[in-house]
Amino acid sequence: MALDAITMSLLAKELDQGLQGSRIDKIHQPSKDEVVFHLRKRDGNIKLLLSARSGSARLCFTNESFENPQTPPSFCMLLRKYLSGARFIGATSVEGERIIMLTFTATSEMGDTVNIDIAAELMGRYANLVIINGDGKIIDAMKRVDADASSIRQLLPGLMYKLPPNRENPKFISQTQQVLEKVFSYSGTIDQAFLRCSQGMGPVVAREIAYLAHTGDSYADSLSESQEMAVVATVGRVIEYYHQPKYTIVYNQQNAPSEYSFMPLTQYEGLDSKSFETLNQLLDEYYSEKDKAERLRQKGKDLHKLVQNLLDRTIRKQVARKEELTQSTDNEKFRIYGELLTANLYQLEKGMKKVEVFNYYDNTNIIIPLDPKLTGNQNAQKYYKEYKRKQTAVKMLTTLIAQGEIELEYLQSVAYNVNNAKNESELMAIRSELHSAGYLKYYKNREKRQKPQDFIRYTSCDGFLILVGRNNEQNDKLTIKTARGKDMWFHTKKAPGSHVVVMSNGEDIPLTTQNQAAQLAVYHSSLKGMAKVEVDYTFVKNIRKTNDLKPGMVIYDIYESAAIVPDEKIIEELEKTRK
């Protein structure tokens, strides 16, 4: 759900109260449509997230950690220029509109005290952040809107800031009676009527009114007197919740946040819900995980495309090589043609297009095509050359196909690692790996100052340390350099995934720990979610790696396999020990 104007008016009140006495300390822009203000107060520090991302536009306090680009975007630098050290004055909402105005006082380059407004326009796909000076002129906008994009309202530096064109509908909170009059004359269902005849209300609240009033599919202009009274009473309850909110999130059957409001949502029967003391807490809970994934998707978009293109190219090469190999496997007949022509040179004359000779290999007569421009001996030599060419092609294609299968397996593992990367550091590690392997030509490591990530660490129920690699280079480091002979190694059979090693410390590893390690091998693989998965396991001393193998690939001949049925309870217990 997107923030509606009613909810945003409540949010503005919370922000106005929570930000009083604060100053902007730092400003970051972790993604192209998100800005984070770090504010200092006497009683502690606050992080304020301003998001203009379509589908999750919002303004709220947050506890989330952000990975910021090393080079700040130009909009971030502009905010720092005008707002570094600025003192918060107030937050107000525009009634009926999904806009919150944040006002700050700052010191200009000339030493004058000036007011700067930030207009947070949280209007779905039109969401934007606009910087406005004390004269009401636009300094700049996160997403500039020119005359080509909108003939009604432009958002460009130097123009006067204007609110969106106002609809004639009455405001739901301040003009409730006028709203009801228009609703009861609308030819449509109650939820449609409230959306079309009022300003400020979102679809969730409109549906809740219809649900609580039990109007069903009845049209608003055809309601009975008792139904109208029920609607009026329900609207009164909504107004009460506006003045005494009960912030609520409803979760779907997969336990993911589905909808939220400033009031309980009874329309979602059978689904779990959770209450929050403040709207800021609700918004941070609702959007944080969703935005983390989207932020990472944006930063890894080029990497996803690169790996997918490499995969597609390798698959096309393999198909072409296998087709060519099929065409080259009939090379034996060219050797036989050459031998038979050599044995029957006395029959051959230049200008002949074919000759019928006795094939002593199968005791039958055979017709051999000839090039009339060549002599009999030249035709025989032509077939010998074709035989040798195809024989060489078979050897080369067989080698290339084998190499292609290894490359395909490697790229599939890289694609798995990209899809399952949890942060930008893991994406950077994959970029580094592809650069080292020669797949990524232009790469500059911007993370030199960051400490390399450690393995994922779990503790088994028997107290054994279980290590899991995050990517192919970590898999190599874990299996080849970190693990020792009696440590036990696990990996899904013929499927991309992490190397999992139980550190034995020279002790025998119990079956319960082995089972937990096998469960983790499935959990950290591309086969996660399957009903049954085969997992290979062996002692680390049985594993070796040759120089021609790509990162993350190893050789093992002595091993056992187990059919593992994934168990969520085991994973949940192990996740509690994760470090």
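Of all the residues in the stretch 105-123, those that are closer than 26 Å to residue 94 by Cβ and either of a type in the set (Ser, Thr, Tyr) or free of Cβ contacts under 8 Å to residues at least 12 places away in the same chain (or both) number 2.
Among the residues of the stretch 344-357, those identified as at pLDDT 90 or above and surrounded by fewer than 12 Cβ atoms within 10 Å (Cβ to Cβ) are 351, 353, 354, 356.
For residue 103, the conditions (1) open to solvent by 50 Å² or more (accessible area, probe 1.4 Å); (2) under 17 Å from residue 11 (Cα atoms) all hold with the exception of (1). The set of residues in the stretch 243-257 that are closer than 19 Å to residue 206 by Cα and open to solvent by 40 Å² or more (accessible area, probe 1.4 Å) comprises 243, 244, 245, 246.
Look at residue 221 and say whether it is in a loop (DSSP other than H, G, I, E, B), among the acidic types (Asp, Glu) and surrounded by fewer than 18 Cβ atoms within 10 Å (Cβ to Cβ). Here the answer is no, as residue 221 does not meet what is asked.
Could you tell me whether residue 233 is small (Gly, Ala, Ser), within 29 Å of residue 14 (Cα to Cα), assigned to a helix (DSSP H, G or I) and in contact with a helix residue (DSSP H, G or I) (Cβ under 6 Å, 6 or more places away or on another chain)? So residue 233 fails the test. Considering 292, 305, the condition of being out of contact with any Gly (no Cβ under 9 Å at 6 or more places or on another chain), closer than 23 Å to residue 422 by Cβ and either modelled with pLDDT of 90 or more or of a type in the set (A, V, I, L, M) (or both) is satisfied by 305 alone. Of all residues in the stretch 180-191, at least one satisfies being exposed (fewer than 15 other Cβ atoms within 10 Å of the Cβ), free of Cβ contacts under 8 Å to residues at least 24 places away in the same chain and farther than 21 Å from residue 93 by Cα. Among residues of the stretch 401-419 that are farther than 30 Å from residue 294 by Cβ, those with a Cβ under 8 angstrom from a residue that is part of a helix (DSSP H, G or I) and hydroxyl-bearing (Ser, Thr, Tyr), sequence gap 6+ or separate chain, pair up as 404/314; 407/314.
Listed here are the residues, each with its yes/no results for (1) at pLDDT 95 or above; (2) among the charged types (D, E, K, R); (3) in a loop (DSSP other than H, G, I, E, B); (4) open to solvent by less than 50 Å² (accessible area, probe 1.4 Å).
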| residue | (1), (2), (3), (4) |
| --- | --- |
| 478 | yes, no, no, yes |
| 494 | no, yes, yes, no |
| 522 | yes, no, no, yes |
| 529 | no, no, yes, no |
| 538 | yes, no, no, yes |
| 547 | no, no, yes, no |
| 562 | yes, no, no, yes |
| 579 | no, yes, yes, no |
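Looking across the stretch 259-311 at every residue that is in a loop (DSSP other than H, G, I, E, B) and without any contact (Cβ under 8 Å) to a residue 12 or more places away in the chain, the one that is surrounded by the fewest Cβ atoms within 10 Å (Cβ to Cβ) is identified as 270. In this structure, residue 512 does not qualify as open to solvent by less than 10 Å² (accessible area, probe 1.4 Å) and part of a helix (DSSP H, G or I).
Here residue 71 meets each of (1) under 30 Å from residue 168 (Cα atoms); (2) among the β-branched types (Val, Ile, Thr); (3) surrounded by fewer than 20 Cβ atoms within 10 Å (Cβ to Cβ) with one exception, condition (1). For the stretch 44-58, the condition of being surrounded by fewer than 19 Cβ atoms within 10 Å (Cβ to Cβ), at positive phi, over 24 Å from the mean Cα position of the chain (by Cα) and in a loop (DSSP other than H, G, I, E, B) holds for none of the residues.
Condition check ((1) within 30 Å of residue 402 (Cα to Cα); (2) under 29 Å from the mean Cα position of the chain (by Cα); (3) among the aliphatic types (A, V, I, L, M)) across all residues:
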site	(1), (2), (3)
271	no, yes, yes
282	no, yes, yes
286	no, yes, no
291	no, yes, no
299	no, yes, no
313	yes, yes, no
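Restricting attention to the stretch 124-143, the residues that are in contact with a strand residue (DSSP E or B) (Cβ under 6 Å, 6 or more places away or on another chain), closer than 22 Å to residue 34 by Cα and surrounded by fewer than 19 Cβ atoms within 10 Å (Cβ to Cβ) add up to 4.
The values are calculated or read from the model by the stated rules, or taken from the named source; none is laboratory data. Predicted, not measured: the structure shown is a model, and the values here were computed from it. Methodologically, a virtual Cβ is constructed for each residue, glycine included, from the backbone with ideal geometry; neighbour enumeration extends over all protein chains shown. Note: areas computed on protein heavy atoms with side chains; ligands, DNA, RNA excluded. Shrake-Rupley method; radii C 1.70, N 1.55, O 1.52, S 1.80 Å.
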